[in-house]
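Read the figures in this text as sums done on the coordinates, not as results from a lab. What you are looking at is a predicted structure, and each value in this text was computed from that prediction instead of being measured. Cβ sites come from the backbone with ideal geometry, for glycine too, and all protein chains shown count toward neighbours.
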């Protein structure tokens, strides 16, 4: 019996060691503030409150501040006719989602939102279809410019009012190409700054949302 007990204890010990080793390999490493910054994420020491807002997606689905509660949100401000920066950033975000799925990282409390900075031309249906072209879990939203300016200003995203010439879209040329991080309390938690690549995005994102 003693030999059997010893063998059993050895087996249990080995299973425990292997389990701890696998857990270490699969658990995201928690980065320091300086490490996050070096990898492109500026995390606020104290998240910032934002006021309520109202945007719309396809099928008149309303998206408000209450939809942020209980979820980590990556929010990007762009537009469907953007020639380079927007599709490049959206592509990197879609690669991030793919990597997280492959790792079986929990995504039930995560969401990805594209807010149009060109509401004069991007309808909710158009921007949502554009967003879902990068990944099925993206949501595209839009609303009138005053609402856009209110939210964008709070999230440190520069926006310029268009002039009276409807053919002049120069106000879209200098939009800030950051990805906004909002925490499950619906607060402005930080900013991912370009250039973006999936390895850095994955490293910083998993570190923050795993804490």
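Approximating the spin labels as points 7 Å out from Cα along Cα→Cβ, the residue 66-to-residue 37 distance works out to 3.9 nm. Label separation (residue 101 vs residue 123): 2.8 nm, computed from points 7 Å beyond Cα along the C-beta direction. Ordering 179, 50, 144 by the number of other Cβ atoms within 10 Å of each residue's own Cβ, fewest first, gives 144, 50, 179.
At 0.36 nm per residue, minus the direct Cα-Cα distance, what do residue 185 and residue 44 gain on full extension? Give it in nm, one decimal, please. Display every interim value, and only then the final one.
Working: separation 141, 0.36 × 141 = 50.76 nm, distance 1.42 nm.
Full-extension gain reported as 49.3 nm.
Exposure proxy for 72, 112: other Cβ atoms within 10 Å of each Cβ, ordered fewest to most, give 72, 112.
Protection proxy ranking, highest mean first, for peptides 38-47, 113-122: 113-122, 38-47, where packing is the per-residue count of other beta-carbon atoms within 10 Å, averaged.
Note on residue 158 and residue 59: their simple-model spin labels are 3.8 nm apart, each label 7 Å out from Cα toward Cβ.
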